[in-house]
Amino acid sequence: IAGSFSMQFATYGNYDSSESRIFSASQFASKPEDLRVFMDGISARGGYGAREAVEVGLQHVNEETVKDPIAQVILIGDAAPNTREEVASKRAACSFHATGRFKHATYYEEELELLAAAGVVVHSYYVDSGAAKAFENISNKTGGVCSALDVNSPDGAKFLTDTVTKRILSARGGDSATSARLCKKYDEKYGYTD
C-alpha cells in the first residue's frame, strides 16, 4: 500500500543466553497491536559482563536489509557492544553457539560498516552513560543521531515517542517538503519540541 510502512521490534542479550534470548525479533508489522504481542513476551534479564551482544542485533539488520531494504534502526540499550576479545571469550565459554544462527562470530564495527554501506541509518539511545561513546560511534558512522534516554521518566517516554514518530514521518514523507509538512503537523497536534 502506497505510503504504508512496517516496523519490527527486536531484543538482544549476551552469549550466556539461549539463542532465542541472545536475539529475538517480531515479524514486520504495520499494526501496533501485533508489535505489542511480541513486547508483552519480553522481560529483562541478567547480563554477562559489562557489555552486551549489540553485534547480533546489527547482524540481524544486515541480514534483513539484504531481503528488503531497511531505512532506519532505533537502537536502545544500557550497555556498550562487546569488544572483539569479549566476543571470542564469551562465545568460547558458551560453546552451544558453535551451531545455529550465530555460529559465525561477528563484531559490531564490522556489522556497522555493512549498515553504513547499505545506507541504513542507526539512531542510538543509551539509558546508561557507559554506552554513550559506543552508541555515538554507531550513530555517527551511519548518519544517525544519538541521545541519552531516561526510561524511568514520563518525559523520556514522550521524547522517545515523538522522536520515533518524527523519524518515521521523515522517512515516509518522500521529498523533503512533504516530510517537513508531516513533521510540522505532528508538532502542532502533539506539542513536540526539540
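Values computed for the structure shown
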| read-out | value |
| --- | --- |
| Distance between modelled label sites at Ala71 and Phe5, nm, 7 Å Cα→Cβ extension | 0.4 |
| Ellipticity estimate at 222 nm from DSSP helix runs (n ≥ 4, -39,500 (n - 2.57)) divided over the chain, nearest 500 | -14500 deg cm²/dmol |
| Tilt relative to the chain, helix 176-190 - C-alpha long axis, 0 to 90 degrees, to 10 | 90 |
| Stretchable slack from Ser176 to Asp78, in nm (0.36 nm times residue separation minus alpha-carbon distance) | 32.0 nm |
| Highest-fluctuation residue, Ser30, Ser43, Ser17 considered, GNM on the chain with Cα pairs under 10 Å | Ser43 |
| Fraction of antiparallel bridges per DSSP, the chain only, in percent to nearest 5 | 30 |
| Cβ-based net charge around Tyr126, under 10 Å, with every Lys or Arg adding one and every Asp or Glu removing one | -2 |
| Most fluctuating residue given options Val122, Val151, Val73, as computed from a GNM of the chain linking Cα atoms under 10 Å | Val151 |
| At most 15 other Cβ within 10 Å, DSSP loop - trypsin sites (Lys or Arg not before Pro), region 72-111 | Arg101, Lys103 |
| Of Ile22, Ile42, Ile74, the one that fluctuates the most in a GNM where the chain has Cα springs shorter than 10 Å | Ile42 |
| Rg/Rh for region 35-188, where both radii come from Cα atoms and Rh is the Kirkwood radius | 0.99 |
| Met39 - accessible surface, heavy atoms, 1.4 Å probe, Å² rounded to 10 | 80 |
| Cross-link reach list, lysines versus Lys185, counting only Cα pairs under 25 Å and skipping chain neighbours closer than eight places | Lys31, Lys158, Lys166 |
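The values are calculated or read from the model by the stated rules, or taken from the named source; none is laboratory data. Not measured: the values here are computed from a predicted model. For neighbour counting, all protein chains shown are included, and Cβ atoms are generated from backbone atoms with ideal geometry for every residue, glycine included. Just so you know, the surface numbers come from the protein's heavy atoms only, side chains and all, with ligands and any DNA or RNA stripped out. Shrake-Rupley method; radii C 1.70, N 1.55, O 1.52, S 1.80 Å.
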